[in-house]
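Student: Pasting in a structure now, in structure tokens, and then I'll have a few things to ask.
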Amino acid sequence: MPLATAAVVRARDHAFTLEEIRLDAPRPDEVLVRMRAVGICHTDLSVRAGRTPFPLPAVLGHEGTGTVEAVGTAVTSVAPGDTVAMSFASCGACPACLTGHPVRCAHWPALNLFGGSRPDGSPTVRGTGRHADAPLHGHFFGQSSFATLALASVRDVVPVPADLPPHVVAPLGCGVQTGAGAVLNVLRPETGHTLAVYGTGSVGLAAVMAARLTAATRVVAVDPHPGRRALALRLGATHAVDPRGADPLEAVRDLTGGHGADRALETSGLPRVLRQAVDGLAVGGVCGVVGAPPAGTDVRLDVPRMLDRGPRIVGVNQGGVVPRAFIPALLDLYRAGRLPVDAIVETFPFGAIEDAAAAAMSGAVVKPVLTLT
Ligand SMILES: [Zn+2]
Ligand SMILES: [Zn+2]
């Protein structure tokens, strides 16, 4: 049973503390990965703050990349020494998984959130020393990769080339694939379309980068943060709107001759912004929803206006992607200079995870990525 150093959240709103943990040996369908980099995502911080249900104490982390150290007896897709990206877990056997939609896996919540253990209840991580007998929760998104070693479900891992920078590979597994997939797989803007992206954190900026790969004519980034707007313009937005200085609804209408946006992506998780995104759609427009407010949050919509204008509102999980197909494609785009992921990343040593989390929460850094040697 291997030992590792993990960043543990002991209780709600507590700091990450580096502790020695003991991992279970890989089951037949599991892979032990020596971590090289792992991104910090909104969901990690939302769990720590108690806004996303997950049992604590826990090892979080769900955007990892590293080198395979050992594999279970049934694993044939990767071998020790391979470089892998880590994404989300899915069962592989339900109707959604069997038809190529693992993001809609019937067991998604249990496999990625909520449980804190394998589906059979067995823990993948345990504390050591004075924490040896207390429960510790892991298996977060099937990986719990805020650690020097992570025990992942085989369906989490995606073989990737070994020569790419780990800080670029890591955030593909959640934040970047969510934004890029929402645009490329779900919203699919057509020639002449206007796409409005509400919120330009890592997901929104990945969406902007992906929009540049489409034939959308206008890409409007809406964000109160001036640095984010400037970055969005550098990465492919054609217009940027400060929602504190102008009504984004009017701004989008003005830019589109009064029609509104054909496509919108709501990444902020704020119900009033989702309302703006829907109200700002052109007739027959589509709004993708990726921002996650606390469980139970609802939104008000103007129903008569919906009957007139026929908007579609689509919830999007993880960009609707199949990670094994999508992540290698994103890496090819990165290598070709067409998806400059490193423009949104800042690296921190693993031991500085608190600084990285603070930088993410303050907005000083778009995508902090922890690096391990
Ligand atoms: Zn995430
Ligand atoms: Zn499934």
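Student: Relative contact order for the chain: what is it in percent, counting Cα pairs under 8 Å that are at least 6 residues apart? List each step's numbers first, then the result.
Tutor: On the way: 931 pairs, mean separation 62.4, N = 373.
Relative contact order, the chain: 17 percent.
Student: Just to check I understand the Karplus step: with θ = phi - 60° and J = 6.51 cos²θ - 1.76 cosθ + 1.60, what whole-Hz values come out for the range 6-21, glycine and proline as x?
Tutor: 10, 8, 9, 9, 7, 7, 3, 6, 7, 5, 5, 10, 7, 9, 7, 10
Student: Let me ask you something else. Please work out the Cα convex hull volume for the range 299-373 and give it in Å³ per residue.
Tutor: 180
Student: For the range 277-367, what does the relative contact order come out to in percent, with C-alpha contacts under 8 Å and a separation of six or more? Spell out each step's value before the answer.
Tutor: Values: 54 pairs, mean separation 21.9, N = 91.
Here the relative contact order equals 24 percent.
Student: Still on this structure, I have one more. If you build a Gaussian network model of the chain, linking Cα atoms that sit under 10 Å apart, which residue out of 98, 270, 60 swings the most?
Tutor: With Cα springs under 10 Å in the chain, the top fluctuation among 98, 270, 60 is at 98.
Student: Follow-up. Could you tell me, in Å, what Rg and Dmax come out for the Cα atoms of the range 196-345?
Tutor: 15.3, 47
Student: Note down the relative contact order for the range 144-228 as a percent, whole number, built from C-alpha pairs under 8 angstrom at least six residues apart.
Tutor: Working: 94 pairs, mean separation 23.1, N = 85.
So the answer I get is 27 percent.
Student: For the chain, modelled as a GNM with alpha-carbon contacts under 10 angstrom, which of 248, 323, 109 fluctuates the most?
Tutor: 109
Student: Just to confirm my numbers, what's the Cα centroid distance between the range 260-334 and the range 28-50 in Å?
Tutor: 25
Student: Next question. State the Kirkwood hydrodynamic radius of the range 1-105 in Å, one decimal place, computed from all pairs of distinct Cα atoms.
Tutor: That comes to 15.5 Å for the range 1-105.
Student: On the accessible surface of the chain, probed at 1.4 Å, how many percent belong to carbon and sulfur atoms?
Tutor: Details: 7910 of 14820 Å².
Looking at the chain in its full context, I get 53 percent from C and S.
Student: Here's another thing I want to ask about it. Using a 1.4 angstrom probe, figure out how much accessible area the chain has per residue, in square angstrom, rounded to the nearest whole.
Tutor: Per-residue value: 40 Å².
Student: Using modelled amide H (1.01 Å from N, peptide plane; none on Pro or chain starts), what sits under 5 Å from the amide H of residue 287, excluding residues fewer than 5 places away?
Tutor: 264, 312, 313, 314
Student: Using amide H atoms built 1.01 Å from N in the peptide plane, name the residues 5+ places from residue 367, or on other chains, whose amide H lies under 5 Å from its own.
Tutor: Here 346 satisfy the definition.
Student: Separate question: What number, rounded to the nearest 500 deg cm²/dmol, is the helix-based mean residue ellipticity at 222 nm of the chain, given -39500 (n - 2.57) per DSSP H run of at least four residues and division by all its residues? Each step should come with its number before you reach the end.
Tutor: Details: 12 runs with 94 residues, N = 373.
Helix-only estimate at 222 nm: -6500 deg cm²/dmol.
Student: Further question: Which GluC sites (Glu not before Pro) does the range 1-67 hold that lie in a coil by DSSP with at most 14 other beta carbons within 10 Å? All intermediate terms of the calculation are to be shown ahead of the outcome.
Tutor: Numbers: sites: 19, 20, 30, 63; in loops: 63.
Answer in residue order: no site qualifies.
Student: Largest first, please: the extent of the C-alpha atoms of the range 170-262 along each principal axis, to the nearest Å.
Tutor: 38, 29, 18
Student: Using mean Cβ contacts within 10 Å as the protection proxy, how do 216-223, 361-368, 48-55 order, highest first?
Tutor: On the way: 216-223: 25.4, 361-368: 18.5, 48-55: 16.0.
Result, highest mean first: 216-223, 361-368, 48-55.
Student: Which value, in Å³ per residue, describes the convex hull spanned by the Cα atoms of the chain?
Tutor: Hull volume over Cα atoms, normalised by residue count, gives 128 Å³.
Student: What's the extension gain from residue 309 to residue 77 if we count 0.36 nm per residue and subtract their Cα-Cα distance?
Tutor: Residue separation times 0.36 nm, minus the Cα-Cα distance, leaves 78.8 nm.
Student: List, in order, the whole-Hz ³J(HN,Hα) value for each residue of the range 300-307 obtained from phi through the Karplus relation with A = 6.51, B = -1.76, C = 1.60 and θ = phi - 60°; use x for Gly and Pro.
Tutor: Ordered by residue, 3J(HN,Hα) equals 9, 10, 7, 5, x, 5, 5, 5 Hz.
Student: Near the amide H of residue 147, under 5 Å away, which other amide H atoms are found, from residues 5 or more places off or on another chain, if H is placed in the peptide plane?
Tutor: When sequence neighbours closer than 5 places are left aside, the close amide H contacts are 7.
The values are calculated or read from the model by the stated rules, or taken from the named source; none is laboratory data. The structure displayed is predicted, hence computed values, not measured ones. Ideal geometry is used to build each Cβ from the backbone, glycine not excepted, and the neighbour counts take in all protein chains shown. Just the protein is used for accessible areas: all its heavy atoms, side chains included, with ligands, DNA and RNA removed. Shrake-Rupley method; radii C 1.70, N 1.55, O 1.52, S 1.80 Å.
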